[in-house]
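Below is one structure, written out as structure tokens, with a few remarks after it.
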């Protein structure tokens, strides 16, 4: 019966080292198994208590948004991709709104951002889509 509480403490230590809520939920479940053991439940019911408390806690945290995935769109995030925000010089555009620009010592394929006016001159990189730069005019003309 005491091993449930020992494992719960180990899960809490692991939680403190990782910073996720998953081990915390598991620690609550393990503690529930220990409480079930103290109340005289059979081993099978103790395991059920661990599973139920862990899964109910997971369900509650998912529904409240605490465990919501915080995905980062690396193609548009300046903190992830240092090319975002840099300037390139566009000489001309093709009919399909693409061009080639000299950037970081090589020619890159670039595409005009949707809704932007086609013009020559400085353009700011707003996203990367594969190896293609998505650019927008630095000084748009209307």
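From the list 120, 127, 110, 106, the lone residue that is within 20 Å of residue 79 (Cβ to Cβ) and modelled with pLDDT of 90 or more is 127. Mind listing whichever residues of the range 11-51 are loosely packed, with under 14 Cβ neighbours inside 10 Å and under 29 Å from the mean Cα position of the chain (by Cα)? Result: 13, 16, 17, 18, 19, 20, 51. Residue 56 satisfies every condition listed in (1) surrounded by 14 or more Cβ atoms within 10 Å (Cβ to Cβ); (2) touching a helix residue (DSSP H, G or I) at 6+ places or on another chain (Cβ under 8 Å) except (2). If you go through the range 76-108 and pick out every residue that is exposed (fewer than 10 other Cβ atoms within 10 Å of the Cβ) and within 30 Å of the chain's Cα centre (by Cα), you end up with 3.
The values are calculated or read from the model by the stated rules, or taken from the named source; none is laboratory data. Since the model is a prediction, treat every value here as computed from it, not as a measurement. Cβ sites come from the backbone with ideal geometry, for glycine too, and all protein chains shown count toward neighbours.
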